[in-house]
1. So, in nm, how far is label residue 83 from label residue 261 when the simple model puts each one 7 Å beyond its Cα toward the Cβ?
2. Would you mind checking the range 233-272 for residues with the amide N under 20 Å from a putative spin-label position 7 Å along Cα→C-beta of residue 47?
3. Can you list the HN-Hα couplings for the range 250-262, worked out from phi with the Karplus curve (6.51, -1.76, 1.60; θ = phi - 60°), rounded to whole Hz and with x for Gly and Pro?
4. Starting from the Cα-Cα distance between residue 244 and residue 22, subtract it from 0.36 nm times their residue separation and give me the gain in nm to one decimal.
5. Which value in Å does the Kirkwood hydrodynamic radius of the range 47-201 take, with 1/r averaged over all unlike C-alpha pairs and then inverted?
6. Please list, short to long, the whole-number percent of alpha-carbon pairs of the range 1-86 in consecutive 10 angstrom bins beginning at zero.
7. Quick check on the exposure proxy: order 256, 115 from fewest to most C-beta atoms within 10 angstrom.
8. So the label point goes 7 Å from the Cα of residue 176 along Cα→C-beta, right? Which residues of the range 86-102 then have their backbone N under 19 Å from it?
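Read the figures in this text as sums done on the coordinates, not as results from a lab. From a predicted model like this one, the values you see are computed outputs, not experimental measurements. Cβ: placed from backbone, ideal geometry, glycine included. Neighbour counts: every protein chain shown.
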Amino acid sequence: MIEQNIMVRGQQMHVKMTGADTLPIIIFLHGFTGTSSTWIEVMESLEGSFKMIAIDLTGHGKTDAPAEPNRYAMEEQVEDLAALFSTLNLKAFSLVGYSMGGRIALAYTEKYPEHVHTLILESASPGLKTEQERQARREADLKLARRIKKQGIEQFVSFWENIPLFESQKQMSIECQQKVRMERLSQRELGLSNSLIGIGTGNQPSFWEKLRTLRLPVLLITGEIDNKFVNIAREMNVLIPKAIHRTVKNAGHAIHVEKPTLFATMVGEHVKKQKI
């Protein structure tokens, strides 16, 4: 696996790449507090069948963490990806996004559909429907951002890993839990707090009204324990013309972490069906 830092729109972006240039391309976008490393097991399972690229998003992992929260905004991150893909000469690919990365993947696809063969969204949403919901979320995320700056990464991670969204991860092996914890602890206060302010769900536009305009195949993956996102995916499935919704048994929010081999199989089979 090759690791590389690439200058994109004035900031260094870190990527992991594997696979021959002649193979179909899959790009992976992680969630909040994650890095490209979260996809390693999935990528290893798909080795030999695809060229794969996992990206550290702005403020995460080894990608730069700008001081200005506006630099983390959805439209900025979409343009970062567009510039990165252009630099890497990636013209057509399948795009996988988890949670925050899924929101960014959806926004990118809405703006640049000609580059995306198929979109795979894991536990992701199109944003919040009303301004009232967005305002409440902005206030909550701002409080959380201040908490990170005040208490530091370690206390924040101890809080974050115990929220109900990640309860099912306590069923994983101690080794897997520790790996996830170390990935979260590797983050920077500035990157996480600015991500909450700049690209939190309350700060992004709602894409609910645009789902009907998506013309490409979309796979929605949710864990059955994650009721909130199962319900969101059901709503999305009704609106997106070529959507398929798959729910994974005994899994929560992060299926690719809890059941990486199964997740890889689902992604691989879906991409191969597109006859790229």
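1. 4.2 nm
2. 256-269
3. Rounded to whole hertz, the list is 6, 10, x, 6, 9, 4, 5, 8, 6, 9, x, 5, 5.
4. Values: separation 222, 0.36 × 222 = 79.92 nm, distance 2.76 nm.
Result for the pair: 77.2 nm of gain on full extension.
5. On the way: mean 1/r = 0.0590 Å⁻¹.
With all distinct Cα pairs of the range 47-201 included, I get 17.0 Å.
6. 18, 51, 26, 5, 0
7. On the way: 256 26, 115 18.
Arranged by neighbour count, lowest to highest, 256, 115 become 115, 256.
8. Counting backbone N atoms under 19 Å from the label point, the list is 98-99.
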